[in-house]
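Report on the following structure.
Quick note: the coordinates plus some simple rules give every number you see, no bench work behind them. For clarity, every value in this text was computed on a predicted model and none was experimentally measured. Neighbour counts run over all protein chains shown; Cβ positions are idealised from the backbone, glycine included.
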Amino acid sequence: MHETDMTKALILTVKDWYHSQPDKPKIEKIHLIVGQFTCVEPVSLQFAWEVQTQNIFLAGVELVIKETPLIAFCHSCQQEYQPEIGLQYSCPDCNSPMEDIKSGRELKIDRIEYSSTNNLKGCGGEQPFAPTDKCIGGSRTDPN
Amino acid sequence: MHQTFDAALEINLLHANQEGADHNRQHFDQWGITCLNIMSSPGAGKTVLLEQTLKALKNKFKIAVIEGDMTTELDADRLRKYNVPVIPINTGRSCHLDSKMVAGGIHILEHQYNPTDFDLVFVENVGNLVCPAEFEVGEHAKIALLSVTEGEDKPLKYPVMFQEADCLLITKIDLAPYLDIDLDRITENVRQMNPQVTIISVSAKTGEGLEEWFAWVSDRIK
């Protein structure tokens, strides 16, 4: 269960980011990128995340994990191929060893999706991704 | 009003561990120590390999061992018989050593001994083919053990460990005649993903292959 430790590290990183923000935004989603050629199981990570965040400021925040496939580049054939994890890693065409991994080793906190209610009240609530300039323009009336 | 924003972080999930590992390595470098991280499944023969290695090399090099063990000091007690410092780290229920745990061992090495006296530190990791592969501890080289009783398919099933290894020791080679195991197949399976790895077949019981292993270790010393 090293996912437990990784989740601890993830929470610390997000906490650092949160405390560096002057207006303490509401975190909605954390986006991770996890390669398929790592020792990390997304299901275990999700479970550890739910358990470890339930009583802290990240409770209810969604963890979105994007998996990236294992892709290697064969220098002999000058082409990419997708090794079959657990079965064969060498190039299916020329049998050269897998040396150059292009994708699949990622273990990354990609981005934090957050919302801020500061200065936006009264700009209308219909469009979740309303661009800021529209709000500043004040073309809408306060529904409240 | 609800507006969402993105903050791009692009931070490695293991960056804290990696920073710790780099810090540990700086200490080792500053003291002129080579650190080797020994990893395998439980029972592949890490401790007996270290016993043989200490016996053969302790008069040639000044050696210490940082010993990861989940809850006991059984392995540490075996190695202490060779009169080298053995620093036990009980990992509790954790399945691997991380750089912070090893930093604790380095702290003891620094304060209870004179670290500049040492040439070589072995880190015996927790027996596990999965987790230790992702957690660098500050080593200069990774050594993976695979015993012949585990089967030739293990490198295919636990590829990260074998892909990361600088040296693979195929252990318990004395048992090979009693098993339906294809040693060439183990080598082929590992080389598929790690063509540069040094592969040495050893038996800690009969001594077969150990000289080659000792020579490999000696070549790593700064």
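Shape annotation for segment B:15-220: C-alpha extents along the principal axes are 50, 38, 32 Å, from largest to smallest. By a straight-distance test (C-alpha under 12 Å), which aspartates and glutamates pair with A:Lys8 as possible cross-link partners, with residues fewer than eight away in the same chain excluded? Candidates past the 8-residue exclusion: A:Glu50. Most simply put, segment B:15-220 has about 0% antiparallel DSSP beta bridges, counting only bridges with both residues inside it. For segment B:5-44, what class follows from the C-alpha gyration tensor (a ≥ b ≥ c being the square roots of its eigenvalues): rounded when a/c is under 1.5, otherwise prolate if a/b is larger than b/c, else oblate? Taking the square roots of the gyration eigenvalues as a ≥ b ≥ c, segment B:5-44 is oblate.
Counting Cβ atoms of other protein chains within 10 Å of each Cβ in A:104-114 and taking the mean gives 5. At 222 nm, what value in deg cm²/dmol follows for chain B if DSSP H runs of at least 4 each add -39500 (n - 2.57) and the sum is divided by all its residues, to the nearest 500? Result for chain B: -10500 deg cm²/dmol, rounded to the nearest 500.
Placing +1 on the Cβ of every Lys and Arg and -1 on the Cβ of every Asp and Glu, with nothing else charged, gives the protein assembly as shown a dipole about its Cα centre of roughly 780 debye.
For segment B:154-222, just say rounded, prolate or oblate: build the C-alpha gyration tensor, square-root its eigenvalues into a ≥ b ≥ c, call rounded for a/c under 1.5, and beyond that prolate if a/b exceeds b/c, oblate if not. Judged from the Cα gyration tensor, segment B:154-222 comes out oblate (a/c at least 1.5, b/c at or above a/b). Using the Kirkwood radius over C-alpha pairs as Rh, can you work out the diffusion coefficient of the protein assembly as shown via Stokes-Einstein at 10 °C, viscosity 1.306 mPa s, in µm² per second? Rounded to a whole number, D works out at 69 µm²/s.
Note on segment B:15-220: lysine pairs with Cα distance below 14 Å, sequence gap of 8 or more or different chains, count 7. For the pair segment B:129-188 / segment B:8-79, the C-alpha centres are spaced 17 Å from each other.
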